[in-house]
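Working notes for the structure below.
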Amino acid sequence: MEKEKTSFEEVVLKEKRRIIRELKKAKISDHKMKIIEPIVINSAWMRVKLDEAREQVSKESIVVEYDNGGGQKGIRKNPFFDAYEALFKSYMLGMDRILDCLPDRKDAEITLSIPDVQPQSVLGQIREKRARTP
């Protein structure tokens, strides 16, 4: 039995849920969530569009010939790449705004009162102890 192809809207919804799930893990307030929801929705949409466009970009030539008539002919950069680049920049701006809502590691430590503990091997402890003794 062939797997039914997922619609564009379903993939966007899945991406939106993924982003929201990560924001909730970071304990973003409901107030902030409501404010950034449009950014999340648009970022999810752009992510899916970028995935689709990436397949087409890989098949396209970087340059294309043009003929404007009246003897104006030449080679120019493929407009498809400009569109992809513009969409990618917009996506990155949206994701940057979303990431700005996440607490930094230091903020999370203060908020959660969790000290920054790094695991250390037994060999590392012995070397540290030897380095401290004169």
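Taken together, the values in this text are just the output of simple stated rules run on the coordinates, not laboratory data. Every value quoted in this text rests on a predicted model; they were computed, and no experiment measured them. Here the Cβ positions follow ideal geometry from the backbone for every residue, glycine too, while neighbour counts run over all protein chains shown.
Between Leu93 and Arg21, residue separation times 0.36 nm minus the direct Cα-Cα distance comes to 23.9 nm. Sorted ascending by nearby beta carbons within 10 Å, beginning with the fewest, Tyr84, Tyr66 become Tyr66, Tyr84.
Along Cα→Cβ, 7 Å out, is where each label goes; now give me the distance between the ones at Lys34 and Leu13 in nm to one decimal. Roughly 2.4 nm, to one decimal. Ordered by the count of other Cβ atoms within 10 Å of each Cβ, fewest first, Ile75, Ile28 give Ile75, Ile28.
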